[in-house]
1. How many angstrom separate the Cα center of the range 414-492 from the Cα center of the range 119-159?
2. Averaging the inverse of every distinct alpha carbon separation and then flipping it gives the Kirkwood radius. What is it for the range 407-536, in angstrom units?
3. For the range 7-60, take the convex hull of the Cα atoms, compute a quarter of its surface area, and give me that in nm², please.
4. Order of 462-471, 427-436, 135-144, 71-80 by packing, highest average Cβ count within 10 Å first?
5. Modelling each spin label as a point 7 Å along the Cα-to-Cβ direction, I'd like the ARG231/ASP585 distance in nm, to one decimal.
6. Search the structure for amide H atoms under 5 Å from the amide H of ALA456, placed 1.01 Å from N in the peptide plane, and list their residues when 5 or more places away or on another chain.
7. Along the range 239-246, what does the Karplus equation 6.51 cos²θ - 1.76 cosθ + 1.60 (θ = phi - 60°) give for ³J(HN,Hα), rounded to whole Hz, x for Gly and Pro?
8. From the backbone phi of the range 127-140, what are the Karplus-calculated ³J(HN,Hα) couplings (6.51 cos²θ - 1.76 cosθ + 1.60, θ = phi - 60°) in whole Hz, Gly and Pro given as x?
Amino acid sequence: MKDADAPDGEALAEAAAVANIPTLIPVLVQLTGDLGWLEPPYAPSRPRGLDDNDDGGLPESVQGEIRDAARAALKRWAATGGIAIPEPDEALLVRMLSVAMGEPIPAEYGAMLKAGLGLSREAPPETRLRGRAPEGFRAVVIGSGMSGLCAAVRLKAAGIPFTVLEAGDDVGGTWRENRYPGAGVDTPNHLYSFSFQPHDWRHYFSLQPEIEAYFRRVAEDQGVLEHVRFRTRATTARFDEEACRWRVETEAGETFDADLLVSAVGVLNLPKVPPIPGLESFPGPAFHTAEWPEGLALAGKRVAVVGNGASAMQIVPAIADEVASLTVHARSKQWAAPFPQFRKAVPEPVRRLLMEVPLYQAWYRQRLAWAFNDKLHSSLQKDPDWDRPERSLNAQNEAHRRVFEAYVKAELGERQDLLPKVLPDYPPFGKRMLLDNGWYRTVARPHVELFDERLAEVRGATLVSESGEAREADVLVLATGFRATAFLASLDVVGRGGRRLADEWGEGDARAHLGTFVPGYPNLVTLLGPNVGLGHGGSVIAPVEAQMDLVLSALEGTFAAGARAVDVKAEAHAAYNAKVDAAHDRMVWTHPGTDNWYRNEAGRVVAITPWRHDDWWRMTRRPDLTEFELLGAG
């Protein structure tokens, strides 16, 4: 009798008719054991841009062979659960991904692929840690956004008691706070999700409500909500050297003691509002994108938007059909890539395949991880012999530029007069590459006016640009970004010897060993800390999960040594940050003429990592405890 919970083989077989061919190839290899699927004529071609390459660039007859074989293999798997190659070795994994992507994948990728596919035999650090914490050891996590939820779930699995302090009234962090029209991810959902909780995503790239609901679902399913103290804003954290513990104080005067203090306050949560003369004189609604008024009516209004980063590029196309006129002050220019999956729904059969066949979902996720992150890494490196550094870095980067330029020209159509206002004069990826939600087509519309200069002054309802042009507006939207280099600015942290983290980091020069540990601040963990974010695309969830691997492994070693806390040594911290700076010096973000929010006022890259994803994964597997001082022994 068929198990009621067993996959429906017939339904999965039908899904193969519309599944992603490059993902089916490695799935077929593992299900059937036939390596012939990795050879011509079945090997997919290299995808163009960020397209999912669903047909693999293969002739219909070859696609038919692959889909027919997949139908049969999926039906057998649904009936028996059998996998011919359940544990491919690292070399075969790299070969399979290389064929699926249509390009060589570095051999070093094998170990990370093995872990990402759930094939590692090593117990996760939370399993190794369970039951080993000293009596009374507990943690405080500040923030319940993506990083805070990750920390909470992993600490719970490790058996470490914890409390999450959340200033807001619900979980979700930036996805709870940012509710402007068009708000959504620029990373595929199936990548922008926790490895421990897959989700039945309705769209390939979701808008804010679906993402916020996902994080709420994670908190509920993982049993985290009962540990969260909402409307509790942490203001001060002070390290007690005698007790070897942190004392956290809140705005309301409450105190919480913690052996482990996890900062999960995020990066894009402190709005940056430029000092525009006369801003306070504007009579209508004027607000930052993170403070979008609920129920704001824009129909028939004259709307002005200041900025053209990710938020503006989402808002402007989203509201253009509704407003009477739209004025955009875009001082800088942005590169934006074609976005073929914008608001595209995941077909129902594919949703079934992703949720019911773990092997298919795992390989689909690994393909996305390469395409949206490390695939680009080599194009971001400066070629010292490149003869056109004013427009690109190297031959690969120049090829990207030509593709993007052609795309922008095509999108502008008859409005080629706008090209000088929108085409960047710096190499591609000098700022985080945006995805085009219809920006170029929108600024070319008759009722939209684009000023490639800053808003110089506000005189009541009149907005004056640098060149003196004046326009009237009813609503003023500040899409001016966040203080992304002001790490932990919302919390006063006092460490050993009364040292204040704000004094050491200053306004924007945060540094941490592996983005996680700071000397003089034992057992303080900075999730999504300095030089952890991603500048060349991809999901920031993966680096944060890797940080939690590092933290839990560090605690494992600490407890094994009979200690309660670790404090990274100053020399190890300095050596790591010297490597970070040297790597950034070779990359596009420090290219002359490039200005971005990754860098502080001195030009040092603070917000993002220079490392390839597999490099970071290896760095965070196991800490070298000789780089740390162990405290609280005995």
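1. Cα centroid to Cα centroid, the span is 42 Å.
2. Working: mean 1/r = 0.0527 Å⁻¹.
Final number for the Kirkwood radius of the range 407-536 is 19.0 Å.
3. Result: 4.4 nm².
4. 427-436, 135-144, 71-80, 462-471
5. 5.2
6. For ALA456, the qualifying residues are VAL464, SER465, GLU466.
7. Using θ = phi - 60°, the values come out as 8, 8, 5, 5, 8, 6, 9, 9 Hz.
8. Calculated HN-Hα couplings, in order: 5, 5, 8, 4, x, 10, 5, x, 4, x, 5, 8, 10, 10 Hz.
Computed from the coordinates by the stated procedures, all read-outs in this text should not be read as laboratory data. These figures come from a predicted structure and were not determined experimentally. Positions of Cβ are generated from backbone atoms using ideal geometry, with glycine treated the same way; all protein chains shown enter the neighbour counts.
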